[in-house]
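In what follows, a structure is listed as structure tokens, so that the remarks can point back to it.
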Amino acid sequence: MSRPPLKTQLALPLVFAVLFGLAWYLLYHFRPELSPLATEQEKVSHAANVWASTLVSIACLMSLALVAVRALNELAFLVFRKRKGYDAPALMRDLFSLVLYVTAVAFILRYTLELSFAALLPGSALLGIILGLALQDTLGNLFSGISLHADKPFQVGDVITVGKHMGVVMSITWRAVKIKTFSNLIVLVSNSSIAKESIEVAPRDGQNARTVPFSALYTDSPVKVIHAVREAVREADNVLRYMTPVVRIRHLADSGVEYEVKYWLSDYARHHDTDALIRQRIWYAFRRSGFTFAYPTRTLYMEQPAPAGGDGHNTETLAELLSAVDIFSPLTADELNALAVGATGRVFAPGETIIRAGDSGASMFIVHRGSVDVRVDSNGTPRTIKRLGEGAFFGEMALFTGEPRTASVVAAEETEVLEIGHESMRGLFQTNPDLVEALSHTINERRAGLAASTPTAHGDDDTPAGLLSKIKRFFRLD
Ligand code: CMP
């Protein structure tokens, strides 16, 4: 509830002050003289005049005190607002006024009736006990309100949850906290019950986050789902621009992969609408990317022979992919088919290690989709020396020489590779001696690249001819 403007607050007490002041002046001016020979009648009328003018002067001073306290209150809390940037709580304003009123009344009684507070104390002690008992709950609220203000756990505009009520704080008075729920209801929660309950606070200017769950089918790639949803929600209305939403897998459930998107809001009071908007954005992102929401289903799989390559690609597609790789271009269609039958497709998440330096290796890989980083150890920290994209191959060095892996290879993004084993290559080498030469050439180049990047770590000193015969020996081709 807002306060009336200062002019309205001051007008009435000022009018009263002027009227009482005038009355006091008239009473004082027309006060009958009291001579020693005055009659009883004159004495009574003089005493009545003195009493009346004292009462009128008290009324006038009280009206002036009212004006002064209201003006002071307004001034003090104007300064408060300027310095803190928000309105002082009603309770603080009321307490401030109360202290000023009590002080003013004490002064007025002291100078008009010559009454001191000490004289009022014995009577007020008894009154205090009676009032204390009668106002037990009210006083409990008042002191809880005072401690609420000292603690400042929340302020006007914050969203709080107390017991079963959640809403925006409208005001904090000496008796209760008024909140407006999201169904536009006003709830008054007494200060003493707030002091007893646990309160959940979403500060008005805080970085408050929400999570919205959703789920997708197991066949939808998590990397793609996460990327699509993150991009779809980051620009939504009321989502903080400088905090990138987080999308993560929450659970691998029966009917699908459960995700959640965590986002930060500019205005927490609008979180229901924003949650709804986020769900809407997710739906559209799914529609655009061809993902499917998971729902409880039971799928019956009829067992079928595994497709060639074991990755869902048929032999023809695999052979076509392999023909696009430089070193396999001289191979005939039959040879490519034979290679495709022995190839296996594998998918890796971004950051996953496909090959680890130092391991032994009996297969090589072709990047079918995505890209990989070739990493070497540089004084204890991994350093990328090369990024290989679609159509490139890796892992050939250990496969063809029988030596440990020379570097680690890590997926730079979601990457699909085709793995080709030792036996498939051996068959090819026997019919394609040129292939061995082409590969030994690449291996030599890569060794040179490795030596340039890690001069101390690599000590291979094979000549091109030496390397060629090493490969032949390893594959028992002579
Ligand atoms: P291998 O040694 O089996 O395992 C690590 C792989 O990283 C290696 O085979 C190569 O395929 C690849 N590799 C090593 N050095 C380089 C380089 N300089 N350029 C490109 N690829 C490389």
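The values are calculated or read from the model by the stated rules, or taken from the named source; none is laboratory data. The shown structure was predicted, so the numbers you read here are calculated from the model rather than taken from an experiment. Cβ coordinates were reconstructed from backbone atoms using ideal geometry, including for glycine residues, and neighbour counts include every protein chain displayed. Note: accessible area is taken over every heavy atom of the protein model, side chains too, but ligands, DNA and RNA are not part of it. Shrake-Rupley method; radii C 1.70, N 1.55, O 1.52, S 1.80 Å.
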Subject >> Subset of the stretch 1-41 [at pLDDT 80 or above and of a type in the set (D, E, K, R)] >> reply: Lys7, Glu40
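Would you point out the residue of the stretch 366-384, among those that are among the small types (Gly, Ala, Ser) and touching a residue at least 40 places away in the same chain (Cβ under 8 Å), that is surrounded by the fewest Cβ atoms within 10 Å (Cβ to Cβ)? Break it down stepwise before answering.
Residues of the stretch 366-384 that are among the small types (Gly, Ala, Ser), as a first pass: 370-371, 378, 380.
Subsequent filtering for residues that are touching a residue at least 40 places away in the same chain (Cβ under 8 Å) retains 370-371, 378.
Working: Gly370: 19, Ser371: 16, Ser378: 14.
Here the answer is Ser378.
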Original post:
Could you give every pair whose Cβ atoms fall below 6 Å, whose first residue belongs to the stretch 42-53 and is farther than 13 Å from Phe30 by Cβ, and whose second residue is of a type in the set (Asp, Glu) and open to solvent by 40 Å² or more (accessible area, probe 1.4 Å), counting only separations of at least 6 or pairs across chains?
Top reply: none
**OP:** Return only the number of the condition from (1) polar (S, T, N, Q); (2) modelled with pLDDT under 90; (3) in a loop (DSSP other than H, G, I, E, B) that Thr219 does not satisfy.
**Re:** (2)
Original post:
If we scan the stretch 363-378, do we find a residue that is within 38 Å of the chain's Cα centre (by Cα), farther than 21 Å from Thr442 by Cβ, at pLDDT below 90 and more than 13 Å from the ligand (Cβ to nearest atom)?
Top reply: yes
**OP:** Quick one: in the stretch 430-441, of everything that is within 14 Å of the ligand (Cβ to nearest atom) and of a type outside the set (A, V, I, L, M), which residue is most open to solvent (accessible area, probe 1.4 Å)?
**Re:** His441
Subject >> Any hit, the stretch 265-276, residues being at pLDDT 85 or above and assigned to a loop (DSSP other than H, G, I, E, B) >> reply: yes
Original post:
Assuming Val44 fulfils every condition listed in (1) farther than 24 Å from Trp174 by Cα; (2) surrounded by 13 or more Cβ atoms within 10 Å (Cβ to Cβ); (3) at pLDDT 85 or above apart from one, which condition is it?
Top reply: (2)
Subject >> Every pair of residues 6+ apart whose Cβ atoms lie under 8 Å, when the first sits in the stretch 84-101 and is over 14 Å from Phe154 (Cα atoms) while the second is open to solvent by 50 Å² or more (accessible area, probe 1.4 Å) and among the basic types (Lys, Arg) >> reply: Ser97/Arg70
**OP:** Give the residue that is modelled with the lowest pLDDT, with candidates limited to residues of the stretch 290-309 that are within 46 Å of the chain's Cα centre (by Cα) and open to solvent by less than 60 Å² (accessible area, probe 1.4 Å).
**Re:** Gly309
Original post:
Restricted to the stretch 395-417, and to residues that are near the ligand (Cβ under 6 Å from one of its atoms) and open to solvent by 20 Å² or more (accessible area, probe 1.4 Å), which residue is farthest from Asn444 (Cα to Cα)?
Top reply: Arg405
Original post:
Of the residues Thr181, Thr244, Thr219, which is within 15 Å of Phe293 (Cα to Cα) and of a type in the set (S, T, N, Q)?
Top reply: Thr219
**OP:** Please tell me if Val229 is under 22 Å from the mean Cα position of the chain (by Cα) and outside any loop (DSSP other than H, G, I, E, B).
**Re:** yes
Subject >> Pairs where the first residue, in the stretch 385-400, is farther than 12 Å from Phe365 by Cα and the second is near the ligand (Cβ under 6 Å from one of its atoms), C-beta under 8 Å, 6+ apart >> reply: Ile385/Val374; Ile385/Ala407; Ile385/Gly449; Ile385/Leu450; Lys386/Val374; Lys386/Gly449; Arg387/Val374
Original post:
Do you know which residues across the stretch 166-200 are at pLDDT 85 or above, more than 26 Å from the chain's Cα centre (by Cα) and outside any strand (DSSP E or B)?
Top reply: Leu185
Original post:
Does any residue of the stretch 418-429 turn out to be near the ligand (Cβ under 10 Å from one of its atoms), within 19 Å of Leu318 (Cβ to Cβ) and either modelled with pLDDT of 85 or more or not charged (D, E, K, R) (or both)?
Top reply: no
Original post:
Just checking, how many residues over the stretch 156-165 are assigned to a loop (DSSP other than H, G, I, E, B) and crowded, with 19+ Cβ neighbours inside 10 Å?
Top reply: 1
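Matching residues to (1) part of a loop (DSSP other than H, G, I, E, B); (2) open to solvent by 50 Å² or more (accessible area, probe 1.4 Å); (3) free of Cβ contacts under 8 Å to residues at least 40 places away in the same chain:
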position	(1), (2), (3)
Glu316	no, yes, yes
Glu320	no, yes, yes
Pro330	yes, yes, no
Asn337	no, yes, yes
Ala340	no, no, yes
Pro350	yes, yes, no
Asp359	yes, yes, no
Met364	no, no, no
**OP:** Sort through Gly427, Gly449, Gly421 and tell me the only one that's closer than 20 Å to His368 by Cβ and of a type in the set (Gly, Ala, Ser).
**Re:** Gly421
Original post:
Which residue, of Gly391, Gly345, is more than 9 Å from the ligand (Cβ to nearest atom) and surrounded by fewer than 16 Cβ atoms within 10 Å (Cβ to Cβ)?
Top reply: Gly391
**OP:** Might you let me know whether the stretch 261-268 holds any residue that is in contact with a Gly (Cβ under 8 Å, 6 or more places away or on another chain), closer than 23 Å to Val156 by Cα and open to solvent by less than 60 Å² (accessible area, probe 1.4 Å)?
**Re:** yes
